[in-house]
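First comes the structure, then the notes that go with it.
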Amino acid sequence: MADTDKAKEQVEELRKKAEAEGERLREKARSAAERASHEGSELWEEATERAHALADRARHQAHELGGALRDNPATAATALTTFGLVCFGLGLAIGAAMTDNRR
């Protein structure tokens, strides 16, 4: 009987230690999850702020470009025509380089 009582006491002691260790690990995991959540929130806020700043900057630059095009329509037409001709020439050159018509 003494052996079974002693074994029951040891089992009960091990159970209490396991419960205490489980609680410690749950608390550690909860703390890590809270930290990760907080850091994730901070990163999300920073990314949102940067995206808004970038959108504002792009909107401002587009507005300035629109104003410059309205103020100088001839220059804009010349620049766009030149760009188009350069791209057309590049396309012809690439096309000629890709076709192999050597006889």
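Multiplying each eigenvalue of the alpha-carbon gyration tensor of the chain by 5 and taking the square root yields semi-axes of 76, 28, 4 Å, largest first, rounded to whole angstroms. Taking θ as phi - 60° and the Karplus parameters 6.51, -1.76 and 1.60, the scalar couplings of segment 20-28 work out to 4, 5, x, 5, 5, 5, 4, 5, 5 Hz in sequence order, x denoting glycine and proline. Basic side chains Lys and Arg get +1 at the Cβ, acidic Asp and Glu get -1 at the Cβ, and with that the dipole of segment 1-66 about its Cα centre reaches some 100 debye.
Stretching the chain fully between THR81 and ALA32 yields a gain of 11.7 nm (0.36 nm per residue, less the alpha carbon separation). Compared with the alpha-carbon gap, the fully stretched path from ASP71 to ARG50 is longer by 4.4 nm at 0.36 nm per residue.
Summed over qualifying helices (DSSP H, 4 residues or more, each -39500 (n - 2.57)) and divided by its residue number, the chain shows a 222 nm mean residue ellipticity of -35000 deg cm²/dmol. Name the residue farthest towards the positive end of the dipole of the chain from the options ALA68, VAL11, CYS87, assuming +1 on Cβ of Lys and Arg, -1 on Cβ of Asp and Glu, about the Cα centre. Of the options given, the answer is CYS87.
Each reported figure results from applying straightforward, stated rules to the coordinates on display, with no laboratory input. This one's a predicted model, so the numbers in the text were calculated from it and none came from an experiment. Cβ coordinates were reconstructed from backbone atoms using ideal geometry, including for glycine residues, and neighbour counts include every protein chain displayed.
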